[in-house]
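The values are calculated or read from the model by the stated rules, or taken from the named source; none is laboratory data. Quick caveat: nothing in here was measured; it's all calculated off a predicted structure. Neighbour counts are summed over all protein chains in view; Cβ atoms, including those assigned to glycine, are modelled from backbone coordinates with ideal geometry. Each accessible area value is taken on the protein alone, full model and side chains, heavy atoms only, with ligands, DNA and RNA left out. Shrake-Rupley method; radii C 1.70, N 1.55, O 1.52, S 1.80 Å.
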Amino acid sequence: MKFQVPRGTQDILPEAIGNWQALEARAREVSERHGYKEIRTPIFEATELFLRGVGETTDIVTKEMYTFADKKGRSLTLRPEGTAGVMRALVEHGVAQAGRMHRLWYVGPMFRYDRPQAGRYRQFHQWGAECVGSANPNADVEIILLLVDFLASFGLEKTEVKLNSVGHPGCRPAYAEKLRAYLAPFKDALCADCKERFEKNPLRILDCKVPHDKAVAQGIPSILDSLCDECRTHFDGVRAGLDALGVPYTLDPKLVRGLDYYTKTAFEVHDTARGAQSALGGGGRYDGLIADVGGPQVPGVGFSAGIERILMALEEQGKLPVAEAPLVFVARAGGDAVEKHALALVRALRKELAVTFDFESGKSLGAQLKHADRLGAQVAVLLGEDELAAREATVKDLKTGTQEKVPIADLAAHLRGRLAPKDAR
Ligand code: HAM
């Protein structure tokens, strides 16, 4: 019997893990530098949370959830996204309160039963950030910049920020009516899903991936023309904040996002080198979500980004590897005294550096260095009888072949300096 990973999931093997780890480490570092603290919530939640949070008419809820009953018959769902769970946690722990700020980030697997293809998986991973407690447009700007600056830190160039406002429950119904009135004559030409959306949630039609008649799409009224004064002022504030910092963006009045909790700002960052699955991340403001999941009226804004998609973009734009994990290989040649010192040296260096060695003693230096090469080590530390007597080791650069003698007492500091990332940010 042959087992395979479930469709739409993938193994991340040691050969690829370096890029994942580097990306996650950068996400942590950039989040913390912006004053965001990590939060970890369960991978499954009560199904009802997503019905209320994400929205009953969204594709995510109607088609894509991994829902199951546990042994007591409770309906649980593998989280399709992270925001609803984070808001549930803030409410449950009584810390979602008016006037109290929370800046939070998370990383982890999400699950959506979608048709797998390049850039779209059933288990995928997101890095996300949520800024809870402020209605100020500067919070939206901070969230957009967090994602933009993160992507820029890898040198990713072909990206575009798309920005929209989806209004709020005060002004959106009037737009929904306008949209319905415009689309009514074309209703028969809409796809089956959109016919249903037409009745239940016409804004979802703007998000439909089925290509509709171009003529229909072109004349669609812009939601930006239907914003109330409050939403308009907020949107102007977000735009002014981005403009002041020279962050380019494109207005996209059709950007409604696939989740129902958004109010006012909606945005996505796209990889302009890709046609399909080009959204590297997206988010927006959700001023009603905390109340929808049983909490007080507290505003929030956030985003999440797809780690697989960012890695794909980095690969396509020639930005991989993100950082080669520097590995030191200790090789030794000599009798018991050398063996003993070599093992002690491995242990000491491992306090600060990634270090490995060949378990078999008595192999030639050449054979050990071949092993080092296969492991991808960058540097070898060679220890022999002569070196030991002089309390030195030979440090060999495995890329260039150059070598030098370094006092054993200085070895850790020397290797740290030599292996420090050149582009440390
Ligand atoms: P989302 O747009 O559904 O938003 O997902 C965010 C990102 O996750 C997408 O831009 C994409 O990069 C990645 N992604 C989504 N689905 C898949 C998939 N099937 N395979 C691979 N990558 C995928 C949210 O999830 C919201 N929670 C964002 C948010 C946070 N809004 C406010 N706060």
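Laid out as a table, the results:
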| item | result |
| --- | --- |
| Unique residue being small (Gly, Ala, Ser) and within 18 Å of TRP105 (Cβ to Cβ) when the list is GLY288, GLY283, GLY295, GLY318 | GLY283 |
| Residue, farthest from the ligand (Cβ to nearest atom), within the stretch 263-287, restricted to residues that are of a type in the set (A, V, I, L, M) and open to solvent by 20 Å² or more (accessible area, probe 1.4 Å) | ALA273 |
| Spans of strands (runs of 3 or more DSSP E) in the stretch 329-406 with at least 3 residues touching a residue at least 40 places away in the same chain (Cβ under 8 Å) | 379-384 |
| Pairs with Cβ under 7 Å, 6+ apart, first in the stretch 254-281 and closer than 23 Å to LEU49 by Cα, second surrounded by fewer than 19 Cβ atoms within 10 Å (Cβ to Cβ) and small (Gly, Ala, Ser) | TYR261/GLY288; THR263/GLY288 |
| Residues within the stretch 128-156 that are closer than 24 Å to LEU224 by Cβ, of a type outside the set (Gly, Ala, Ser) and either open to solvent by less than 30 Å² (accessible area, probe 1.4 Å) or in a helix (DSSP H, G or I) (or both), tallied | 11 |
| Scan of the stretch 198-224 for residues that are free of Cβ contacts under 8 Å to residues at least 12 places away in the same chain and of a type outside the set (A, V, I, L, M), ordered by number | GLU199, LYS209, PRO211, LYS214, GLN218 |
| Count of the stretch 60-76 residues which are within 14 Å of the ligand (Cβ to nearest atom) and either open to solvent by less than 50 Å² (accessible area, probe 1.4 Å) or over 21 Å from SER304 (Cβ atoms) (or both) | 4 |
| Check on ASP229, buried (at least 17 other Cβ atoms within 10 Å of the Cβ) and charged (D, E, K, R) | no |
| Residues (surrounded by fewer than 16 Cβ atoms within 10 Å (Cβ to Cβ) and within 12 Å of ARG332 (Cβ to Cβ)) located in the stretch 342-358 | LEU343, ALA344 |
| Test: ALA118 is within 11 Å of the ligand (Cβ to nearest atom), open to solvent by 50 Å² or more (accessible area, probe 1.4 Å) and under 21 Å from LYS319 (Cα atoms) | yes |
| Positions within the stretch 157-190 being part of a loop (DSSP other than H, G, I, E, B), at pLDDT below 90 and touching a helix residue (DSSP H, G or I) at 6+ places or on another chain (Cβ under 9 Å), in sequence order | LEU190 |
| Every residue from the stretch 14-53 that is open to solvent by 70 Å² or more (accessible area, probe 1.4 Å), assigned to a helix (DSSP H, G or I) and under 19 Å from MET87 (Cβ atoms) | GLU48, ARG52 |
| Any chance PRO326 is under 26 Å from TRP105 (Cβ atoms) and either surrounded by fewer than 21 Cβ atoms within 10 Å (Cβ to Cβ) or under 24 Å from the mean Cα position of the chain (by Cα) (or both) | no |
| Only listed residue being crowded, with 18+ Cβ neighbours inside 10 Å, in contact with a Pro (Cβ under 8 Å, 6 or more places away or on another chain) and not hydroxyl-bearing (Ser, Thr, Tyr), chosen from GLU392, GLU308 | GLU392 |
| Test: residue in the stretch 78-87 that is more than 10 Å from the ligand (Cβ to nearest atom) and modelled with pLDDT of 95 or more | yes |
| Flag if THR9 is of a type outside the set (A, V, I, L, M), under 22 Å from the mean Cα position of the chain (by Cα) and not in a strand (DSSP E or B) | yes |
| Hits in the stretch 234-257 (condition: open to solvent by 50 Å² or more (accessible area, probe 1.4 Å) and in contact with a strand residue (DSSP E or B) (Cβ under 8 Å, 6 or more places away or on another chain)) | ARG239, PRO248, THR250, LEU251, LYS254 |
| Which numbered condition ASP260 misses (of (1) within 22 Å of the chain's Cα centre (by Cα); (2) open to solvent by less than 20 Å² (accessible area, probe 1.4 Å); (3) not aliphatic (A, V, I, L, M)) | (2) |
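Condition check ((1) more than 20 Å from TYR261 (Cβ to Cβ); (2) of a type outside the set (A, V, I, L, M, F, W, C); (3) in contact (Cβ under 8 Å) with a residue 24 or more places away in the chain) across all residues:
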position	(1), (2), (3)
ILE17	yes, no, no
HIS34	yes, yes, yes
ARG40	yes, yes, yes
THR58	no, yes, yes
THR62	no, yes, no
THR77	no, yes, yes
GLY82	no, yes, yes
ARG88	no, yes, yes
